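One structure follows; several queries about it will come next.
The values are calculated or read from the model by the stated rules, or taken from the named source; none is laboratory data. Please read all numbers here as calculations on a predicted model, not as lab measurements. Counting neighbours? That spans all protein chains shown, and the Cβs are built from the backbone with ideal geometry, glycine included.
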Amino acid sequence: MTYCVGLLLGAGIVLLSDTRTNAGLDNISTYRKMFLFEEPGERVIGIMTAGSLSVTQTALARMQEAIEDPEAGPDTSIMRAETMLRVAEIVGATLADVSNDVAEKMGARSDGASASMIVAGQRKGGAMRMFLIYPEGNFIEATPDTPFLQIGEHKYGKPILDRVVGPDTSLEDAQKAVLLSMDSTLRSNLSVGMPLDLVVIEKDACRVTMQRRIEPQDDAFTRMSTAWSQALRDAFTQISLETGGG
């Protein structure tokens, strides 16, 4: 399984993904699930993946091939697309084609041959945008009312995002929010695991402004996790359960 979360804020974009791939209790591996494409100052695109590894790797390979194709144009290459909407359409079409190809080869065993992606970024002169791409190639977009998108094992990490994240959240607080969201998921689901990949893209920078790999022994993350657990315990003990008399 996996967990990836992206925040689209007034100040920029924050992306976080785990790296665990689970194909059974005795087959757990580490694979990067965040992929970055940038032409600094001109455009930056982040893609996070969840689902079938064969589907996501093949889809990304095809997109990379299109980027390197000297004859590629704005309708085929995410690095030449004229808008982030067109980037989402290219990614969606590629994901759908690969999913269909894999499903056709697997036949009756194709139930697990699906994947989803989060695509976020900005091109010079355009707005920051973020999309959740479904296996069929269709997508939804993050909005001020819902400024975050999740894929994978998202239910454990959603409550804190619902409570604290809004369009005006600072990039510093946003990093804290996604890391605590991931911490909740790590504690509740063993199929999500470290290392973690964290990226920040400041508004109008059109480049990755911060990138960090968080290993299991990371002191800062451990301190944050411990402090969050203690804060929850303290809040729990301070809340009284009012009961009515008969």
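Looking at residue 221, is it within 25 Å of residue 129 (Cα to Cα), aromatic (Phe, Trp, Tyr) and modelled with pLDDT of 95 or more?
no
Could you please give the count of residues in the stretch 180-200 that are farther than 13 Å from residue 4 by Cα, among the hydrophobic types (A, V, I, L, M, F, W, C) and buried (at least 18 other Cβ atoms within 10 Å of the Cβ)?
Result for the stretch 180-200: 1.
Return yes when residue 177 is on the phi < 0 side of the Ramachandran plot and surrounded by fewer than 17 Cβ atoms within 10 Å (Cβ to Cβ) and no when it is not.
no
A follow-up question, please. Consider the stretch 107-139. How many of its residues are within 19 Å of residue 16 (Cα to Cα) and either out of contact with any Lys or Arg (no Cβ under 9 Å at 6 or more places or on another chain) or not polar (S, T, N, Q) (or both)?
Here the count works out to 14.
Can you tell me which residue is farthest from the chain's Cα centre (by Cα) among those in the stretch 1-23 that are in a strand (DSSP E or B) and among the polar types (S, T, N, Q)?
22
Just one of 172, 153, 202 is at pLDDT below 95 and acidic (Asp, Glu); which is it?
That would be 153, the only listed residue that is at pLDDT below 95 and acidic (Asp, Glu).
Please note which strands (runs of 3 or more DSSP E) are completely contained in the stretch 26-89 and include at least 3 residues that are over 28 Å from residue 203 (Cα atoms).
Once the strands (runs of 3 or more DSSP E) in the stretch 26-89 are filtered for at least 3 residues that are over 28 Å from residue 203 (Cα atoms), what remains is 28-30.
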